[in-house]
Each structure stands twice: as structure tokens, then as C-alpha cells.
Amino acid sequence: MYIFGITGQVGAGKSEIIRYLETAHGARVLLMDLLGHELMAKGAPCYEPILALFGADVLLEDGELNRRAIGARAFSDAELLEKLNGIVHPAVKARVDSLLEEAMQQGVDFFFMESALLIEEKYDEICDEVWYVYAEESVRRERLKESRGYSDEKIDLMLHNQLSEEVFRAHASFVIDNNGSPEQFQEQIDARMKQYEIM
């Protein structure tokens, strides 16, 4: 089984690329953000420690954690962000290990993990290849405003907390230019996957 990591700055279009790999190349995909969300749900392993860290004012009416409120506070407080990551990331890693083992036993050929924090959390070390999804900052900003309704201030905070383009490129085996149309990134992926599919 080949293990790939997909990473890049927020708004680069990683999710679109993951969806294409799943549908066009039959890859098993794992969205690390969603995995983190699942582990923060009520009754899941991260729920109580996060509640203890942030307090009851981050609870929604149904008792679930308000991830938006948690994110807003964590991104503006480096110490709090570090504590939050200290709760979520070990739980995510344990779950990733079990999902990889499961995929291997099921005979999966291509396993893709998508995460903006792939390098920081050292998931690149277990990947056969790391793919960096690149888009210019102006393109990423426009996407974040359109698709998520983020303000310039929120985007500034998120970008400030991410690695530079140079660091992403230094860790990448393959760079996908995602400044253009879906057809353009699909061509790049198809060409790259061809070398694996004929092995």
C-alpha cells in the first residue's frame, strides 16, 4: 500500500483534490480535520479534556463543543492553541494508526491523508510521498471568503499560524499548482498517478 500525504495552506483546495483522487483513482482518503472533529464530539476521547481547558462557555445548546468558538480563541492565543493540539493530535495519531492498519488488511492500494498540519505533526515521516497543493495567497483569500465567509482578519490569523510556502516545498515530493481550473489539477494528478498504477 502506498501512503500519501496531501498538505498546503488553508484555501489551497486540498479537499477538491482529495475528492478527485477518491472518485477517479479509487484511493482511500482520510480528512484529518474531520477525524479531529469526530474525536471532539460528545462522548469521544477529546471532549472532556477540551471542555476542561476552555470551560462551559464553548458548549452549544445540544451539549456539543462549539468548534468555531474554540478555533477563534485558540488561533489568537498561542499557548491555548498548543494545549488544544496537545489534546487532539495524540488522539488523531492513534486513530490514524488503526485506520492505516485496517486499510492494509483490506488490500487498499492508495491511502491519502489530507492535513494542513501534516508536516508539523510529522505525518510526512510515514508517507511514501508528500504532495503540496499550491495556490497564490490572493487565490486562497478569495476562496476562503467565498466558500467559508471568512473575514480578512480571520484569514490573516490563520495564515499567520501556517508554515511558509518554502517550508511546504522543502518537504514535498510533488507540487500541484491549483491556481487554475479543476481540469488543470486533474491532469497533473493523472500524470503522477500513472507511474504508480502501472507498477
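Values in this text are rule-based calculations from the coordinates and carry no lab data. Please read these numbers as outputs of a predicted model, since none were measured by experiment. All Cβ positions, glycine included, derive from the backbone under ideal geometry; neighbour counts span all protein chains shown.
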Problem set entry | Highest-fluctuation residue, ASP62, ASP33, ASP152 considered, GNM on the chain with Cα pairs under 10 Å | ASP62
For this session: Determine which lysines satisfy two conditions relative to LYS83: a Cα distance under 28 Å, and not lying fewer than 8 residues away in the same chain.
Result: LYS14, LYS42, LYS93, LYS122, LYS154
Exercise. What nm distance separates the two modelled labels at GLU82 and GLU146, each placed 7 Å from Cα along Cα→Cβ?
Worked result: 3.8
Problem set entry | Within the stretch 1-91: Cβ-based charge dipole about Cα centre, in debye rounded to nearest 20 (Lys, Arg +1; Asp, Glu -1) | 300
For this session: Calculate the dipole size of the stretch 119-183 relative to its Cα centre from +1 charges on Lys and Arg beta carbons and -1 charges on Asp and Glu beta carbons; express the result in debye to the nearest 20.
Result: 260
Exercise. In bins 5 Å wide, starting from 0, what share of all Cα pairs of the chain does each bin hold, as a percent?
Worked result: 1, 7, 15, 18, 19, 17, 12, 8, 3, 1, 0
Exercise. Based on the alpha carbon coordinates of the stretch 78-185, what radius of gyration and maximum Cα-Cα distance (Dmax) apply, in Å?
Worked result: 16.1, 45
Exercise. Hey, can you list the DSSP H helices of the chain whose Cα span along the axis is 15 Å or longer and whose average Kyte-Doolittle score is at least 0.0?
Worked result: 78-105
Problem set entry | Relative contact order (%) - criterion: Cα under 8 Å, at least six apart; region: the chain | 37
Seminar exercise, completed: Check: C-alpha center the stretch 1-27 vs C-alpha center the stretch 88-102, spacing in Å is 18
Problem set entry | Within straight-line cross-link reach of LYS194, aspartates and glutamates at Cα separation under 20 Å, skipping those fewer than 8 residues along the same chain | GLU16, GLU22, ASP109, ASP128, GLU129, ASP177, GLU183
Exercise. Say a site is exposed when it is one of the trypsin sites (Lys or Arg not before Pro), sits in a DSSP loop, and has at most 16 other Cβ atoms within 10 Å; what is then the longest site-free stretch of the chain?
Worked result: 43-121
For this session: Towards the positive end of the charge dipole of the chain, with charges on Cβ (+1 Lys, Arg; -1 Asp, Glu), say which of LEU84, ILE50, SER138 has the farthest Cα.
Result: ILE50
Exercise. About the Cα centre of the chain, what is the dipole size in debye to 20, counting +1 per Lys and Arg Cβ and -1 per Asp and Glu Cβ, all else neutral?
Worked result: 200
For this session: Would you mind listing how long the stretch 1-101 runs along its three principal axes, going by Cα atoms, in whole Å with the largest first?
Result: 44, 29, 27
Exercise. In deg cm²/dmol, rounded to 500, what helix-only [θ] at 222 nm does the chain give when every DSSP H run of at least 4 residues adds -39500 (n - 2.57) and the total is split over its residues?
Worked result: -17000 deg cm²/dmol
For this session: Have a look at ASN179, LEU118, PHE75 and report the one farthest towards the positive end of the charge dipole of the chain, computed about the Cα centre with Cβ charges (Lys/Arg +1, Asp/Glu -1).
Result: PHE75
